[in-house]
Amino acid sequence: MGSLILFLAVVISAGIWLVLLFMPIRWRMSEQWDISVDLPAMNYPWPTLSVIVPARNERASLPATLPSWLKQDYPASEIILVDDESGDGTAAYAREISARENRKVHIIDGTPPPPGWSGKLWALEQGIRVSSGEWLLFTDADIFHKPLLWQGLVAKARAEQREMVSLMAFLDTHGFWAKLLIPAFVYFFHFLYPFAEVQDTRSKTAAAAGGCILISRKALSKIGGIASYSDAWIDDVALAIRIKRAGMLISLSLTKSAISIRPYLKFCEIWSMIARNAFAQLHYSWLLLAGTVMGLFLIFVSPVAGICFSVAGKSVMIVPSGIALVSMAITYLPTIRFFNMNCGRIFSLPVAGFLYLAMTLSSAGNHVFGRREWRGSRRNIMSNTILMKR
């Protein structure tokens, strides 16, 4: 009986992967954008720009990232770094670097978030309140910006008439666990939120990547500012949803022009990154969690189990299992190529899928026990469950 159930699961998995092969919008990774020296012509003055950086214990990141911002040479721009109660001297070190570069950085000593605000969004809000730019660029303290990135983003937004442009920063893949799980993270995110659909006005799909978001002040004001989604844990997606629902154009692209320097050398670091948000992605729904777990087991685990049973003598399973695994590998190939990795890694996706299943369950456990983290800070929310506004 068990063999029959597994055979049916493998056949269903093979069918699902064959269908997905004919849905390249979810896996082809075609929405890529990088800065070019040939910027679109600007026949008008560059709009003013405020770059707002929430920073919590980012002293180690700033020597690489802060100089990259200071060298952008964007006219009429300002950098506002909000020190979110760091314990490592982040603010003092930022002042030291800016003095060494002989450039001004507006550094704010952040305050604890009031009730109903997540820590990062409150840090952004404090930066916005003292900013003056017509456009706002939200970026993380561990994101290195290649030269001319700011001009390229603004030129892209103006040329395409978009009120919000977001880039998914190029993530670090050094180390065994990062090579296994970071490309899979991007693959799954793109699968859930196809970037081409994000910029399609006919689609309801909306998403952004919080490490690099350019948005017009006018658009942010139109949706009621950050206060309109102040309790959202997945804040980048929440912002994108509101902007698109308000009828404004947005875009999301992969890039190698904004680079995350945060290493993910330890398995526990990647586990924490995923477990922070996985259950929130499911809107804290136990029904969606059950469906997700069953789905991940069906499409990632059952084909591998089928191959194992085939080796043990159940040869009938080898064909559907092989179809599922080969189809899966084909869909993973564009992601592996984007990260300039050995093509043999396309067959690692089932292992990553199984681990993401475990991380999703861990995320649900964190919710049950009231644990939430942002860059190492943990707050107990057992008495006040935070739901992301949709």
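Numbers for the structure displayed
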| item | result |
| --- | --- |
| Test: residue in the range 230-250 that is surrounded by fewer than 23 Cβ atoms within 10 Å (Cβ to Cβ), at pLDDT 95 or above and among the polar types (S, T, N, Q) | no |
| Close pairs from the range 253-272: first farther than 17 Å from W69 by Cα, partner open to solvent by 20 Å² or more (accessible area, probe 1.4 Å) and hydroxyl-bearing (S, T, Y), Cβ under 6 Å, at least 6 apart | I270/Y264 |
| Residue identified as of a type in the set (S, T, Y) and in contact (Cβ under 8 Å) with a residue 12 or more places away in the chain among S302, S285 | S302 |
| Evaluation of Y44 against (1) open to solvent by less than 70 Å² (accessible area, probe 1.4 Å); (2) out of contact with any Ser or Thr (no Cβ under 9 Å at 6 or more places or on another chain); (3) within 20 Å of S132 (Cα to Cα) (one fails), failing number | (1) |
| Criterion: in contact with a Lys or Arg (Cβ under 9 Å, 6 or more places away or on another chain) and either part of a helix (DSSP H, G or I) or small (G, A, S) (or both) - qualifying residue of K256, K244 | K244 |
| Filter result for A209 (touching a strand residue (DSSP E or B) at 6+ places or on another chain (Cβ under 9 Å), in a loop (DSSP other than H, G, I, E, B), surrounded by 22 or more Cβ atoms within 10 Å (Cβ to Cβ) and not polar (S, T, N, Q)) | yes |
| Any hit, the range 3-10, residues being of a type outside the set (A, V, I, L, M, F, W, C), outside any loop (DSSP other than H, G, I, E, B), at pLDDT 95 or above and touching a helix residue (DSSP H, G or I) at 6+ places or on another chain (Cβ under 9 Å) | no |
| Subset of the range 140-175 (residues that are of a type in the set (D, E, K, R) and farther than 20 Å from S30 by Cα) | D140, D142, K146, R158, E163, D172 |
| Residue match in the range 106-129 (condition: in contact with a Pro (Cβ under 7 Å, 6 or more places away or on another chain) and without any contact (Cβ under 8 Å) to a residue 40 or more places away in the chain) | no |
| Residue count for the range 136-155, restricted to those that are open to solvent by less than 20 Å² (accessible area, probe 1.4 Å) and either touching a Leu at 6+ places or on another chain (Cβ under 6 Å) or outside any loop (DSSP other than H, G, I, E, B) (or both) | 12 |
| Selection from the range 79-98 of residues that are aliphatic (A, V, I, L, M) and either within 15 Å of T65 (Cβ to Cβ) or surrounded by 16 or more Cβ atoms within 10 Å (Cβ to Cβ) (or both) | I79, I80, L81, V82, A91, A94, I97 |
| Number of positions in the range 259-269 that are in contact with a strand residue (DSSP E or B) (Cβ under 9 Å, 6 or more places away or on another chain) and assigned to a helix (DSSP H, G or I) | 0 |
| Residue match in the range 220-243 (condition: within 28 Å of S68 (Cβ to Cβ) and polar (S, T, N, Q)) | no |
| Only listed residue being in contact with a Cys (Cβ under 9 Å, 6 or more places away or on another chain) and over 17 Å from M341 (Cβ atoms), chosen from L148, L214, L153 | L153 |
| Answer residue from the range 286-331, given it is out of contact with any Gly (no Cβ under 9 Å at 6 or more places or on another chain) and assigned to a loop (DSSP other than H, G, I, E, B) and is nearest to R345 (Cα to Cα) among those | A312 |
| Candidates D109, D73, filtered to the one that is open to solvent by 60 Å² or more (accessible area, probe 1.4 Å), among the charged types (D, E, K, R) and under 27 Å from Y229 (Cα atoms) | D109 |
| From S272, S228, residue being part of a helix (DSSP H, G or I) and touching a strand residue (DSSP E or B) at 6+ places or on another chain (Cβ under 7 Å) | S272 |
| I307 vs. criteria without any contact (Cβ under 8 Å) to a residue 24 or more places away in the chain, surrounded by 15 or more Cβ atoms within 10 Å (Cβ to Cβ) and over 22 Å from V368 (Cα atoms) | yes |
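Conditions (1) among the polar types (S, T, N, Q); (2) at pLDDT below 90; (3) farther than 30 Å from P24 by Cα, marked per residue:
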| site | (1), (2), (3) |
| --- | --- |
| V311 | no, yes, yes |
| I323 | no, no, no |
| M328 | no, no, no |
| L361 | no, no, no |
| N366 | yes, yes, yes |
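The values are calculated or read from the model by the stated rules, or taken from the named source; none is laboratory data. Computed from a prediction, not measured in an experiment: that's the story for all the values here. Backbone-built Cβ (ideal geometry, glycine too); neighbour counts: all protein chains shown. In case anyone asks, the SASA skips ligands and DNA or RNA and just uses the protein heavy atoms, side chains included. Shrake-Rupley method; radii C 1.70, N 1.55, O 1.52, S 1.80 Å.
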